[in-house]
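A short worksheet on the structure shown next.
The values are calculated or read from the model by the stated rules, or taken from the named source; none is laboratory data. Computed from a prediction, not measured in an experiment: that's the story for all the values here. Cβ: placed from backbone, ideal geometry, glycine included. Neighbour counts: every protein chain shown.
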């Protein structure tokens with residue numbers, strides 16, 4: 001980087017910058033509606049020439065950076081430099097040493113915010129957003145910028161209103177999950193999702209019968225171990241546990257929408273032992289079949 005001795009963390013023409021007061025941060029960490037996720041800092045640095053930031057011990061929060069225009073760079077944990085162009089986004093995990101800055105010839109304009117909470121790490125990892133350089137589609141970039149303007153204004157103008165922070169926390173959750181669901185995935189990720197969808201379709205076609213792990217693995221064209229890995233990564237449970245949950249979901253529909261007896265409902269989802277069916281239904285749904293049927297719906 002050849003920018004002489006000029007380095008600026010902030011102080012750019014028409015910048016927007018908000019930092020949550022320390023005592024409010026402690027309040028939000030204790031408040032049940034914000035403890036899981038809240039914003040600590042948010043800003044917009046347009047045409048940020050000489051922008052540079054280095055944190056040798058990392059940040060206590062996750063840091064999201066979206067490059068709106070120009071170019072910049074990010075280095076995580078003393079690793080390879082990642083060049084950011086318009087539409088690129090990165091989330092820097094907490095506690096990760098990092099540095100970033102604007103390129104000299106075409107300095108970036110960036111939207112950024114810091115967030116933390118008990119759900120932050122899980123949310124970022126679940127949607128594959130941690131540490132990797134992501135290229136947002138134009139719609140994703142526009143969605144983030146459209147979110148930023150009212151979020152910043154609310155935080156800057158109503159800093160001391162708890163309802164503001166609760167509302168922003170909910171919109172951040174929706175924003176991150178939306179980015180995760182719609183951001184372009186690697187070929188390997190898409191292949192795993194294809195295997196998962198294929199396996200689940202096969203399961204849905206066999207809810208009235210039994211299914212073994214070797215049979216499902218053979219249909220998917222995978223080893224049993226690889227199939228288990230894909231299901232655990234994509235659904236959080238094993239293939240057979242997912243199959244049983246699909247059965248109980250179908251059984252719940254039958255209990256709601258038909259006059260079939262509990263024994264007949266069990267048989268309709270391939271479970272002929274009514275005692276086993278009742279135990280399984282209660283384990284997964286939290287209710288016995290008869291209690292579930294009595295719950296008012298709609």
Fill in: Test for residue 42: is it within 19 Å of residue 125 (Cα to Cα) and touching a helix residue (DSSP H, G or I) at 6+ places or on another chain (Cβ under 9 Å)
no
Given the conditions (1) closer than 27 Å to residue 180 by Cβ; (2) part of a loop (DSSP other than H, G, I, E, B), every one holds for residue 284 apart from (2)
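Residue by residue, here is whether (1) modelled with pLDDT of 90 or more; (2) at positive phi; (3) out of contact with any helix residue (DSSP H, G or I) (no Cβ under 8 Å at 6 or more places or on another chain) holds:
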| site | (1), (2), (3) |
| --- | --- |
| 112 | yes, no, yes |
| 115 | yes, no, no |
| 120 | yes, no, yes |
| 127 | no, no, no |
| 151 | yes, no, no |
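With 123, 154 as the choices, which residue is buried (at least 16 other Cβ atoms within 10 Å of the Cβ), under 23 Å from residue 30 (Cα atoms) and over 18 Å from the mean Cα position of the chain (by Cα)?
Only one candidate passes the filter, namely 154.
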Of the residues in the stretch 201-231, those that are surrounded by fewer than 16 Cβ atoms within 10 Å (Cβ to Cβ) and either in contact with a strand residue (DSSP E or B) (Cβ under 7 Å, 6 or more places away or on another chain) or more than 28 Å from residue 265 (Cα to Cα) (or both) number 7
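For residue 263, indicate whether it is within 34 Å of the chain's Cα centre (by Cα) and either touching a residue at least 60 places away in the same chain (Cβ under 8 Å) or assigned by TED's automatic domain parsing to the domain that holds residue 204 (or both).
Numbers: within 34 Å of the chain's Cα centre (by Cα): no; either touching a residue at least 60 places away in the same chain (Cβ under 8 Å) or assigned by TED's automatic domain parsing to the domain that holds residue 204 (or both): yes.
Taking the combined requirement at face value, the residue does not satisfy it.
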Per the filter on the stretch 129-151, residues within 14 Å of the chain's Cα centre (by Cα) and surrounded by fewer than 14 Cβ atoms within 10 Å (Cβ to Cβ) are 132
Pairing a residue in the stretch 209-225 that is within 23 Å of residue 248 (Cα to Cα) with any residue that is in a loop (DSSP other than H, G, I, E, B), where Cβ atoms lie under 6 Å and the two sit 6 or more apart in sequence or on different chains, gives 209/270; 210/270
Here the residues within the stretch 65-82 that are in contact with a helix residue (DSSP H, G or I) (Cβ under 8 Å, 6 or more places away or on another chain) and within 19 Å of residue 116 (Cβ to Cβ) are 66
Out of (1) touching a residue at least 24 places away in the same chain (Cβ under 8 Å); (2) out of contact with any strand residue (DSSP E or B) (no Cβ under 6 Å at 6 or more places or on another chain); (3) closer than 29 Å to residue 157 by Cα, the one residue 95 does not meet is (3)
Exercise for review: Assess whether residue 171 counts as being within 16 Å of the chain's Cα centre (by Cα), modelled with pLDDT of 90 or more and part of a helix (DSSP H, G or I).
Suggested key: yes
Of the residues in the stretch 248-277, those that are buried (at least 18 other Cβ atoms within 10 Å of the Cβ) and farther than 14 Å from residue 207 by Cα number 2
